[in-house]
Amino acid sequence: MREPDRNDPVRLTSLAHGGGCGCKIAPGVLSELLRGAPALPLPADLLVGREASDDAAVYRLNDRQAVVATTDFFMPIVDDPFDFGRIAATNALSDLYAMGATPLFALAIVGMPVNVLPPESIREILRGGEAICAEAGVPVAGGHSIDSVEPIYGLAAIGVVDPARLKRNAGARAGDVLVLGKPLGVGVYASAIKKGLLDAAGHGEFIAATTRLNKVGIELAALDGVHTMTDVTGFGLLGHLLEMCRASTVDARIDTGALPLLPQVRALLDSGCVTGASGRNWESYGDQVRMEPAVARYWQPLLTDPQTSGGLLVACAADAVDEVLACFHGQGFAEAAVVGSVQAVDGDVGVVVV
């Protein structure tokens, strides 16, 4: 087999076995890998560690300031290098916004097959990430790079938050309302891209969704009625909602009729555009979900669909819903909607889908 010519056009997605947040290790496998990890003494100022699968680590500096740190990276989900960089950076910064934090700076995480990808393609990936960081108002202050078999790009992102406004994935209360900020279906669209089935309009919808910064999280964190936030990424809506339920010791209910979807999702599902990660997600936590008999079968792959750079999921008091939706809509999240509710736990923690 001939060696790749660096001047040949290269489809980024052809160089990776998976793409975007669909690359994440399945939650069941991850739980097994972390089982038995030693419980080390933790400083009192480490407000958030790994105990509840939260979006970022948080370390208190003083009564008014805490550092929020996260890292996120993955393999290409699109073929355009600039868009790949933009999507990866948007996704990484989302973890800070989900905690209510304001980003301060970022460090680039870069792994590239330098003998396969032309230098201009790699430069465009970096430029895409820097463009999103500039939109967020933060510099890319450095980073680390390696020569790898598959292209990898992402960020380590550092932010700051007032501990009084810190939002975790714990704290949801019975009677709370669930609000989702972005439509579902990113993984379905990504599958369609790899199969060559997504048209120009769909591609535009995909890029618009995955490069929309979740800056609204800063505004939401200031609302007393917002009890919990997380962002929906590789484990799908059900996976991240279950993390919220476990951390809060509550149950939840999802109304499929209220869920916002990307416009072409149903047609693409009918064409077989389902990710492997969707099935792995269901295998990991499907026993904690009760799908009511009237729920159509296509909802299972949609509710477990890995969302690269997905929307914020908010649990808020019922009397705060209008204010929460006004925040979302005022910052351009027109599809944001009430999608379910939080209930008192009844036995094992779980989610009912109706």
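The values are calculated or read from the model by the stated rules, or taken from the named source; none is laboratory data. Since the structure is predicted, the reported quantities are computational estimates derived from the model, not experimental observations. When we count neighbours, we look across all protein chains shown, and the Cβ atoms used for this are built from the backbone with ideal geometry, even at glycine. Protein only, heavy atoms only, side chains kept; ligands, DNA and RNA dropped before computing areas. Shrake-Rupley method; radii C 1.70, N 1.55, O 1.52, S 1.80 Å.
Among the residues making up segment 253-292, those that are assigned to a strand (DSSP E or B) and of a type in the set (K, R) are R253, R290.
Quick check on segment 156-165. Is at least one of its residues surrounded by 24 or more Cβ atoms within 10 Å (Cβ to Cβ) and within 30 Å of Q343 (Cβ to Cβ)? Yes, some residue in segment 156-165 is surrounded by 24 or more Cβ atoms within 10 Å (Cβ to Cβ) and within 30 Å of Q343 (Cβ to Cβ). Count of segment 187-219 residues, restricted to those that are part of a loop (DSSP other than H, G, I, E, B) and either of a type in the set (D, E, K, R) or touching a strand residue (DSSP E or B) at 6+ places or on another chain (Cβ under 6 Å) (or both), is 4. Checked against (1) modelled with pLDDT of 95 or more; (2) over 26 Å from A267 (Cα atoms); (3) surrounded by 24 or more Cβ atoms within 10 Å (Cβ to Cβ), N169 passes all but a single condition, namely (1). Only one entry of D63, D83 meets the criterion of being more than 16 Å from the chain's Cα centre (by Cα) and surrounded by fewer than 18 Cβ atoms within 10 Å (Cβ to Cβ), and that entry is D63. Within segment 234-247, being open to solvent by 10 Å² or more (accessible area, probe 1.4 Å) and either among the aromatic types (F, W, Y) or part of a loop (DSSP other than H, G, I, E, B) (or both) holds for one residue alone: F235. Among the residues of this structure, C316 does not count as one that is more than 18 Å from the chain's Cα centre (by Cα) and over 26 Å from G347 (Cβ atoms).
Under the condition of being open to solvent by less than 90 Å² (accessible area, probe 1.4 Å), at pLDDT 75 or above and at negative phi, the residues counted in segment 16-55 number 10. Confirm whether V179 is within 19 Å of the chain's Cα centre (by Cα), farther than 27 Å from I193 by Cα and buried (at least 20 other Cβ atoms within 10 Å of the Cβ). When the stated conditions are applied, V179 passes them.
Provide a single number: the residues in segment 168-182 that are out of contact with any Asp or Glu (no Cβ under 9 Å at 6 or more places or on another chain) and assigned to a loop (DSSP other than H, G, I, E, B). Summing the residues that are out of contact with any Asp or Glu (no Cβ under 9 Å at 6 or more places or on another chain) and assigned to a loop (DSSP other than H, G, I, E, B) in segment 168-182 gives 5. Screening V250 on (1) of a type outside the set (G, A, S); (2) within 20 Å of the chain's Cα centre (by Cα); (3) crowded, with 18+ Cβ neighbours inside 10 Å shows it passes everything except condition (2).
Of all residues in segment 96-142, those satisfying the criterion of being crowded, with 23+ Cβ neighbours inside 10 Å, of a type outside the set (G, A, S) and touching a Gly at 6+ places or on another chain (Cβ under 9 Å) are L96, Y97, M99, P103, I125, I132. Residue pairs whose Cβ atoms lie under 8 Å apart, separated by 6 or more positions or on different chains, with the first residue in segment 343-354 and within 16 Å of G171 (Cα to Cα) and the second hydroxyl-bearing (S, T, Y) and open to solvent by 60 Å² or more (accessible area, probe 1.4 Å), are V345/T249; V349/T249.
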